[in-house]
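The values are calculated or read from the model by the stated rules, or taken from the named source; none is laboratory data. No experiment lies behind these values; they were computed from the predicted model shown. No Cβ is skipped: glycine too gets one built from the backbone with ideal geometry, and neighbour counts run over all protein chains shown.
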Amino acid sequence: MSKLTESESARLHPETLALSYGFDPFLSEGAIKPPVFLTSTFAFHKAAEGKKFFAWAHGEGKPRAKHAMGLIYSRINNPNLEILEDRLALWEGMKDAYSFASGMAAIATTLLATHRPGDEMIVCAPVYGGTDGLIHHFLREFGITAHFIRAGIDAPAQAERFITPKTRSIFVESPANPNNRLTDIGALKALALRHEPAPPAGSAGRILIMVDNTMAGPVFAHPARVGADIVLYSATKFIGGHSDVVGGVALANDPAILTAIAHHRAMLGGMPNPYTAWLLTRSLETLKIRAEQQQANAIRAAAFLAAHPKVRKVCYLGLLTPADPEFAIYQKQQSGPGSLISFYIKGGEKEAFAFLDHLKLFRLAVSLGSTESLAQHPASMTHSGLTPGDKLLGEITDDLIRLSIGIEHADDLIWDLDQALAEV
């Protein structure tokens with residue numbers, strides 16, 4: 001079978017290339033699927049080759065493309081990681097990707113690779129509880145200051161009040177976890193460009209727009225197309241999609257940023273093992289069809305909840321109308337509403353817990369984006385570590401429930417929601 005040319009590959013869709021791109025079966029005994037390369041180290045043909053590969057890995061000499069560097073050691077590179085990263089970059093439409101052992105490893109490594117003591121960052125709240133803790137506590141001990149603002153339509157105006165010559169990044173989840181609030185990434189990028197430092201600071205001093213796209217993508221949103229410099233994922237969620245693997249991803253277009261992330265990953269040791277990378281590569285093959293079925297189910301479930309007398313408010317992008325302030329952002333940034341629903345039940349923690357405890361099909365568990373439907377209570381679970389002020393910013397109250405809709409039959413999911421609400 002002939003190989004695709006670059007121009008032929010460029011015209012194909014990610015869901016097509018996810019089945020073959022970046023892997024030559026005839027380099028692996030004709031295997032249709034990539035084997036798992038369970039090896040810690042790789043043999044060199046000659047000593048001079050080893051010297052050359054290490055020089056490239058250390059950034060010496062003329063910069064080399066990632067795949068031209070040669071295989072050295074699985075903490076630095078491995079065929080399973082490289083195949084996964086090639087396909088992830090295709091999905092996001094970005095130059096390259098680096099995979100990690102978890103979403104938090106991807107976020108932490110990327111922040112450490114791009115920030116220095118004395119830098120400041122602006123964070124659009126809410127963000128995932130682990131990210132909040134990393135920024136609030138760990139990074140602060142390293143002299144990195146964060147200013148938290150409310151995500152949403154007025155985030156760019158809020159952010160401008162905190163920009164100083166020390167500002168290095170604006171970090172945003174869009175949609176935000178757990179309230180699905182949208183922030184205009186393009187407006188944040190325009191703000192960053194207005195405050196870009198003059199030469200000789202150059203690209204090293206510019207304000208980076210960093211987007212955690214876990215909640216939407218990579219099927220229903222591509223942040224780089226609207227201004228993101230760095231895109232991050234917990235690959236545990238939709239990319240993995242089966243609740244059987246933990247992983248993370250960082251993507252960028254700027255070679256300097258990619259090199260910094262690669263070097264920090266190698267030093268900190270946060271790469272996934274080959275089998276994790278293999279599982280994630282497997283899952284990419286069904287990503288689109290899973291996401292589309294989950295979204296179709298979520299549209300019906302959200303409509304049911306919005307009409308239920310025991311529900312105070314539903315936060316779901318599919319319910320936005322042209323009268324909503326975030327609708328224009330949704331049209332610009334999203335190709336679909338996805339499958340994450342948050343809703344406020346009438347009452348408080350007692351009523352929320354009663355609902356959760358009476359679910360029969362939904363699993364009472366954290367995480368999201370998997371084939372099975374999940375339900376959880378953000379205020380006491382995923383976002384329990386947030387300060388009261390940050391919970392207020394994110395509208396994370398005791399009556400808030402987050403649902404991750406799976407691939408079950410929509411009628412069955414609605415039945416389960418209905419019978420659980422009847423017990424409240």
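Scanning the range 301-328 for residues that are touching a residue at least 60 places away in the same chain (Cβ under 8 Å) and in a loop (DSSP other than H, G, I, E, B) yields a total of 5.
In summary, CYS315 fulfils each of the numbered conditions (1) within 16 Å of the chain's Cα centre (by Cα); (2) assigned by TED's automatic domain parsing to the domain that holds GLY369; (3) surrounded by fewer than 23 Cβ atoms within 10 Å (Cβ to Cβ) with the single exception of condition (1). For the range 34-58, enumerate the residues that are surrounded by 13 or more Cβ atoms within 10 Å (Cβ to Cβ) and modelled with pLDDT of 80 or more. Those that are surrounded by 13 or more Cβ atoms within 10 Å (Cβ to Cβ) and modelled with pLDDT of 80 or more: PRO34, PRO35, VAL36, PHE37, THR39, PHE42, PHE44, GLY50, LYS52, PHE53, PHE54, ALA55. Of the set (1) loosely packed, with under 13 Cβ neighbours inside 10 Å; (2) modelled with pLDDT of 75 or more; (3) polar (S, T, N, Q), all apply to SER2 but (2). Taking the stated definitions as given, is ILE289 over 29 Å from GLU351 (Cβ atoms) and crowded, with 18+ Cβ neighbours inside 10 Å? Judged against the criteria, ILE289 is not a match.
Conditions tested, residue by residue: (1) closer than 30 Å to HIS377 by Cβ; (2) without any contact (Cβ under 8 Å) to a residue 60 or more places away in the chain; (3) not in a loop (DSSP other than H, G, I, E, B).
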{"residue": "VAL172", "(1), (2), (3)": "yes, yes, yes"}
{"residue": "ARG181", "(1), (2), (3)": "yes, no, no"}
{"residue": "GLY217", "(1), (2), (3)": "yes, no, no"}
{"residue": "ILE239", "(1), (2), (3)": "yes, no, yes"}
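What is the one condition in (1) under 30 Å from ALA187 (Cβ atoms); (2) part of a helix (DSSP H, G or I); (3) among the polar types (S, T, N, Q) that SER283 does not satisfy? Of (1) under 30 Å from ALA187 (Cβ atoms); (2) part of a helix (DSSP H, G or I); (3) among the polar types (S, T, N, Q), only one is false for SER283: (1).
Take the conditions (1) surrounded by 15 or more Cβ atoms within 10 Å (Cβ to Cβ); (2) touching a His at 6+ places or on another chain (Cβ under 8 Å); LEU403 misses just one of them, which is (2). Residues of the range 59-92 being at pLDDT 85 or above, in a helix (DSSP H, G or I) and closer than 19 Å to ALA252 by Cα, which ones? Within the range 59-92, LEU81, GLU82, ILE83, LEU84, GLU85, ASP86, ARG87, LEU88, ALA89, LEU90, TRP91, GLU92 meet the criteria. In the set (1) in contact with a Phe, Trp or Tyr (Cβ under 9 Å, 6 or more places away or on another chain); (2) closer than 19 Å to LEU251 by Cα, ASN180 fails one condition alone, (2). Collect the residues in the range 380-424 that are in contact with an Asp or Glu (Cβ under 6 Å, 6 or more places away or on another chain) and either under 27 Å from HIS242 (Cβ atoms) or at pLDDT 95 or above (or both), keeping them in residue-number order. Those that are in contact with an Asp or Glu (Cβ under 6 Å, 6 or more places away or on another chain) and either under 27 Å from HIS242 (Cβ atoms) or at pLDDT 95 or above (or both): ASP398, GLY406, VAL424.
Give the residue that is farthest from the chain's Cα centre (by Cα), with candidates limited to residues of the range 5-33 that are of a type in the set (D, E, K, R) and surrounded by 14 or more Cβ atoms within 10 Å (Cβ to Cβ). The extreme case among them is LYS33. None of LYS391, LYS332 is surrounded by fewer than 16 Cβ atoms within 10 Å (Cβ to Cβ), outside the structural domain of PHE238 (by TED's automatic domain parsing) and outside any loop (DSSP other than H, G, I, E, B) except LYS332. The single residue among LEU258, LEU268, LEU280 that is in contact with a Gly (Cβ under 6 Å, 6 or more places away or on another chain), under 30 Å from PHE23 (Cα atoms) and assigned by TED's automatic domain parsing to the domain that holds ALA216 turns out to be LEU280. Within the range 131-152, the set of residues being in contact with a helix residue (DSSP H, G or I) (Cβ under 7 Å, 6 or more places away or on another chain) and in contact (Cβ under 8 Å) with a residue 60 or more places away in the chain comprises THR131, ASP132, PHE148, ILE149, ARG150.
The criterion of being surrounded by fewer than 23 Cβ atoms within 10 Å (Cβ to Cβ) and in contact with a Leu (Cβ under 8 Å, 6 or more places away or on another chain) holds for HIS264. Is it true that some residue in the range 373-386 is of a type in the set (Gly, Ala, Ser), assigned to a strand (DSSP E or B) and in contact (Cβ under 8 Å) with a residue 24 or more places away in the chain? The answer is yes, given that some residue of the range 373-386 is of a type in the set (Gly, Ala, Ser), assigned to a strand (DSSP E or B) and in contact (Cβ under 8 Å) with a residue 24 or more places away in the chain.
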